[in-house]
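Student: Before I ask anything, let me first share the structure, which is written out below as C-alpha cells.
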Amino acid sequence: MELEINENSLFYSEEKKLEKANCPKCETEVYQGLTDGWFYVAKQDEKFNDTSSIVFPMP
C-alpha cells in the first residue's frame with residue numbers, strides 16, 4: 001500500500017516539534033519530522049477531504 005503524507009502547518013508559529021505520522025490502517029509509524037502543525041496520512045488512491053476554506057483578510 002502506498003501512502004501520501006501531507007503536512008498541515010500553522011501560519012504564524014515559530015516553534016516546531018517532532019511529530020509522528022501513522023498509517024491510517026495499521027497505526028504503524030511511517031514518518032516523523034519537525035513541524036509546527038501536524039501530518040495527515042492517506043492511501044495514495046484516496047483524496048484528501050479538505051473542505052475547509054481560508055478567508056483573507058482574517059477576521
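Student: Taking the condition of being modelled with pLDDT of 85 or more and in a loop (DSSP other than H, G, I, E, B), how many residues in the stretch 10-23 meet it?
Tutor: Qualifying residue count, the stretch 10-23: 3.
Student: While we're looking at this one, here's another question. Please identify the pairs in which a residue from the stretch 21-33 that is surrounded by 12 or more Cβ atoms within 10 Å (Cβ to Cβ) has its Cβ atom under 6 Å from the Cβ atom of a residue that is at pLDDT 90 or above and of a type in the set (Ser, Thr, Tyr), counting only partners at least 6 apart or on another chain.
Tutor: Filtered contacts from the stretch 21-33: Ala21/Tyr31.
The values are calculated or read from the model by the stated rules, or taken from the named source; none is laboratory data. Just so it is clear, the model here is predicted, and its values are computed rather than measured. With ideal geometry, Cβ positions are generated from the backbone for all residues, glycine too; neighbour counts draw on all protein chains shown.
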